[in-house]
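Written out below as structure tokens is the structure these notes cover.
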Amino acid sequence: MKKRRLTTLLAIAAITPLALTACGSGGGGAKSGGDPDTLTVLDYYNNEPDKTLIQAAIDKCAEALDVKVKRETVPGKDLIQKVLQRSSSKTLPDVLMLDNPDLQEIAATGGLSPLSDYDIDTSGFAEGILDAATYEDEVYGLAPTVNTLGLFYNEDLLAAAGIQPPTTWDELKTAASALTTGDQYGLAFSAIATYEGSWQFLPFMWTNGGDETELETPEVAEALQLWVDLVDSGASSKSVLNWSQADVKDQFVAGKAAMMINGPWQIPALAESPDVKWGAVQVPVNEIGQTPIAPLGGEVWTVPVTGNDEKQGKAASFVECISSDDNQLELATQRFTVPTKTALADEYVEAVPTMEAFTEQVANARSRTGQLGEEWPEAATVIYTAIQLALTGQASVEDAFAQASAG
Amino acid sequence: MSLTRLPSESAPAEREGAPRRSTLPPSEKRRRLRRQFSKENITKVLFVVPAALYIVLFFGYPIVKNVVMSLQDYTTKTFFTGEAPWVGLDNYITVVSSNLFWPSLTNTALFTIGSIIGQFVIGLALAAFFKRRFPLSNFLRSMLLLPWLLPLIVASATWRSILDQDSGILNRFLGTFGLDSVPWLTSPSVALTAVILVNIWVGIPFNVTILYGGLQDIPDELYEAGALDGATGWKAFWHITWPNLRPVVSVVLLLGVVYTLKVLDIILGLTNGGPANATQTLAIRSYQESFVNFEFGVGAAFSNILILISLLFAIIYLRANRRQVDE
């Protein structure tokens with residue numbers, strides 16, 4: 001008898017966790033609600049040194065606004081899934097960081113509140129980042145700093161070959177070929193079959209007058225031809241097809257590429273190999289006189305709709321604080337990113353001279369979602385597919401985009 | 001919560017309700033009731049409930065949800081508003097009419113067949129090799145399990161650097177024999193082969209383990225008797241090992257097919273479906289539509305097609321099993 005009761009108990013014990021999982025709303029984590037003086041924050045700075053640097057900025061703003069902050073960080077690739085889960089369970093955080101090309105997609109769900117609701121001044125910010133943060137004429141987020149792409153070069157290798165950093169595509173091709181010897185390629189870039197590949201192609205495409213709304217144009221084809229020429233001539237490795245930007249950086253650091261297209265977020269990693277002396281210039285243009293236009297990268301801070309007006313107000317002040325002038329300069333200096341307020345550019349370049357090329361590049365940079373908004377992912381897919389088709393010889397440069405957009 | 005309370009709650013409820021209608025003497029009634037709701041019976045039900053609940057929650061719900069999702073316009077907006085308009089079979093039409101559908105179906109077939117053949121042949125050879133005992137055989141056999149213990153993300157990242165065209169160790173190795181470097185992951189005509197090779201490497205431990213177990217079950221007397229009749233070496237394999245191993249072989253092959261059809265991490269890690277879509281499979285399409293393009297309806301349609309194909313093999317497996325039992 002005793003034994004039987006025990007089995008019943010065990011059976012019940014076996015069921016209980018199941019029942020609990022069914023009822024629980026997946027609690028824990030940084031969801032809104034609870035203590036009115038505690039703001040919850042969700043971001044993807046889960047690696048050092050960014051994690052600590054952002055934490056310091058958050059702490060500063062929390063102190064200034066006299067609130068407590070509960071922060072949660074997730075890996076970058078998991079953020080959107082997390083946000084979608086949180087929106088369906090109505091547990092969005094008070095403050096949400098988003099990668100700028102994702103903002104419009106999330107704003108379109110109705111999950112974010114426009115900053116005009118809180119009378120936040122959005123003047124003085126670079127136009128590119130405001131474009132990225134705007135959905136249906138309302139600004140939904142602010143970014144303290146942004147990044148972009150430039151051309152890094154190995155000073156020693158260029159000096160040894162007697163080559164100046166290239167400023168035009170012709171110079172780029174000549175320099176890359178001249179710098180290709182033995183194990184070493186002239187130029188490394190990422191043409192991988194992800195959005196990273198599309199992002200790396202944008203400075204060439206935009207600078208030459210190409211546009212994502214109409215990809216089957218001679219301007220876009222010319223830019224693609226440049227990449228094809230670089231790979232076909234052997235000045236760039238065929239492996240660009242499978243290199244992420246981190247791989248590109250590794251090639252550069254290992255001395256296997258004399259130049260690379262990459263962003264300033266690689267600077268801390270470059271600093272770990274002090275024997276590699278590098279410089280950076282803006283991405284070369286097709287013809288002299290063109291303005292280099294690069295894509296704008298970086299994260300925007302937003303205020304999700306949580307239904308608690310008082311806390312949303314505090315969250316808005318928090319977003320304003322985190323992109324204040326002081327914070328911009330501090331974060332930009334520490335993280336090798338560029339302040340989003342154009343007025344701060346001079347002061348910043350004075351403090352961090354290595355960032356000069358990138359700061360200039362940001363002034364003219366464009367956001368990826370400025371024109372297409374939620375349609376951008378489709379265009380980005382077409383772009384990287386076309387690049388891959390052309391670089392593998394599956395399609396001519398003229399046909400690549402038509403073939404890629406066919407689906 | 002209500003579901004789980006059902007069995008324990010229903011018992012007392014009926015015990016109270018029963019006496020009102022009955023004309024039987026109370027003692028008889030109680031005996032009957034006790035028979036019906038004896039602790040033993042309740043316990044039996046309670047033992048089934050966890051399994052049933054588990055299946056409903058973790059298999060039934062996701063599959064039904066996936067089917068429903070594939071009939072809806074399910075996007076990022078749906079998560080916030082909860083609204084997903086019905087679109088009928090539109091998502092399936094999008095899937096089948098997309099340019100990548102047939103290539104990815106062909107790639108899925110090639111990937112599965114290639115992987116299974118490679119894994120099985122090498123797995124069987126190794127299992128037969130380890131059947132005879134020799135010094136360190138146990139140690140070596142356990143070392144074979146290593147690929148299985150490695151997280152697939154780590155494995156694919158390692159293989160990606162091994163297969164790198166310029167600095168990859170494999171091409172360097174081939175280079176010492178004077179061979180040209182092979183564009184493993186950068187040529188559309190080679191990439192699928194490279195991905196299959198890596199997947200074969202991943203699948204060998206599973207095949208060896210199960211087939212080795214099967215070989216151990218074949219009584220040694222059969223080989224002794226066979227040897228007397230002159231069946232040794234290949235003859236012993238064809239006439240003794242193979243027929244006796246057949247049930248295990250069918251399990252290995254069918255489970256292998258189902259596992260391989262849904263392989264995602266290895267391909268994502270190695271090529272992400274590139275170069276130029278050369279390694280797109282149905283699983284990759286489903287993942288990219290859902291989690292890159294946020295077209296969850298289309299992604300669900302892709303994965304349902306994949307589930308259907310798996311189901312086909314599962315049915316073959318079950319029927320084959322039943323036949324064996326009948327025999």
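What the table below lists for this structure:
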read-out: Environment charge of B:I153, counting only residues whose C-beta is closer than 14 Å and scoring Lys/Arg +1, Asp/Glu -1; value: 0
read-out: Residues in the stretch B:265-300 occluded by at least 50 Å² - accessible area, probe radius 1.4 Å, against chain by itself; value: B:N272, B:A276, B:F294
read-out: Cross-link partners of A:K68 among aspartates and glutamates (Cα-Cα below 16 Å; sequence separation of 8 or more within a chain); value: A:D35, A:D37, A:D59, A:D94, A:E310
read-out: Cut-off 12 Å between beta-carbons: net charge of the residues surrounding A:P284, Lys and Arg +1, Asp and Glu -1; value: -2
read-out: Nearest 10 degrees, 0 to 90: helix A:309-322 Cα axis against chain A principal axis; value: 30
read-out: Kirkwood-based Rg to Rh ratio, the stretch A:194-249, C-alpha trace; value: 0.98
read-out: Estimated FRET transfer efficiency when R0 is 45 angstrom, pair A:A160-B:A225 (beta carbons, to 0.05); value: 0.05
read-out: Summed buried accessible surface, chains B and A, 1.4 Å probe, nearest 100 Å²; value: 3800
read-out: Alpha-carbon spread of the protein assembly as shown, three principal axes, descending order, Å; value: 101, 79, 49
read-out: Computed FRET value (nearest 0.05) for A:T168 with B:L318, which takes r as the C-beta separation and R₀ as 56 Å; value: 0.25
read-out: Measure of compaction for chain A (Cα Rg per 2.2 N^0.38 Å); value: 1.11
read-out: Of A:K77/B:K77; A:K51/A:K311; A:K341/B:K77; A:K82/B:K262, those spanning more than 28 Å from alpha-carbon to alpha-carbon; value: A:K341/B:K77
read-out: Cross-link partners of B:K44 among lysines (Cα-Cα below 30 Å; sequence separation of 8 or more within a chain); value: A:K2, A:K3, B:K29
read-out: Backbone HN-Hα couplings from phi across the stretch A:36-43 [Karplus 6.51/-1.76/1.60, Hz, Gly and Pro as x]; value: x, 9, 10, 9, 9, 10, 10, 8
read-out: Solvent-accessible area per residue for the stretch A:274-407 (1.4 angstrom probe, square angstrom); value: 39
read-out: Accessible carbon and sulfur surface of the protein assembly as shown relative to its total accessible area, %, 1.4 Å; value: 59
read-out: Axial C-alpha extent at least 18 Å, average Kyte-Doolittle at least -0.5 - helices from chain B (DSSP); value: B:39-55, B:101-131, B:191-216, B:242-261, B:296-326
read-out: Contact order relative to length of the stretch B:115-209, as percent, for alpha carbon pairs under 8 angstrom and 6 or more apart; value: 42
read-out: Area accessible to solvent at A:S113, 1.4 Å probe radius, in Å²; value: 10
read-out: Test item: A:236-243 mean partner chain Cβ contacts at 10 Å; value: 6
read-out: Calculated SAXS-style log₁₀ I(q)/I(0) at q = 0.13, 0.20, 0.24, 0.27 Å⁻¹ - the stretch B:132-181, Debye, Cα scatterers; value: -0.52, -0.76, -0.81, -0.88
read-out: Relative contact order computed over chain B (Cα-Cα under 8 Å; 6+ residues apart), in percent; value: 23
read-out: Accessible area expressed per residue, the stretch B:157-310, with surrounding protein chains retained (probe 1.4 Å, Å²); value: 43
read-out: Selection of chymotrypsin sites (Phe, Trp or Tyr not before Pro), the stretch B:131-184, meeting DSSP coil and at most 14 other Cβ within 10 Å; value: B:F177
read-out: Full-stretch length increase - B:V64, B:I218 - with 0.36 nm per residue and alpha-carbon distance subtracted; value: 51.2 nm
read-out: Kirkwood Rh, Cα atoms: Rg over Rh of the stretch A:130-231; value: 1.06
read-out: Rounded to the nearest 10 Å², the accessible area of B:K77 at probe 1.4 Å; value: 80
read-out: For B:D229, solvent-accessible area (1.4 Å; no DNA, RNA or ligand), Å²; value: 140
read-out: Separation of alpha-carbon centers, the stretch A:222-286 and the stretch A:153-205, rounded to whole Å; value: 6
read-out: Spatially proximal aspartates and glutamates relative to B:K39 (Cα-Cα < 20 Å; intrachain offsets below 8 disregarded); value: B:E9, B:E14, B:E16, B:E28
read-out: Acute angle (nearest 10 degrees) that the helix A:218-232 long axis makes with the longest principal axis of chain A, alpha-carbon atoms; value: 80
read-out: With Cα atoms, 0 to 90° folded angle of helix A:79-88 axis to chain A main axis; value: 30
read-out: Segments B:99-106, A:118-125, B:266-273 sorted - mean Cβ within 10 Å per residue, highest first; value: B:266-273, B:99-106, A:118-125
read-out: Cα-only Debye scattering, the stretch A:149-206: base-10 log of I(q)/I(0) at q = 0.14, 0.16, 0.21 Å⁻¹; value: -0.44, -0.56, -0.88
read-out: Translational diffusion coefficient (Stokes-Einstein; Kirkwood radius from C-alpha pairs) of chain B at 37 °C, 0.692 mPa s, in µm²/s; value: 134
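The values are calculated or read from the model by the stated rules, or taken from the named source; none is laboratory data. If you're wondering where the values come from, they're calculated on a predicted model, not measured in any experiment. Backbone-built Cβ (ideal geometry, glycine too); neighbour counts: all protein chains shown. Areas reflect the complete protein model, heavy atoms only, side chains present, ligands, DNA and RNA absent. Shrake-Rupley method; radii C 1.70, N 1.55, O 1.52, S 1.80 Å.
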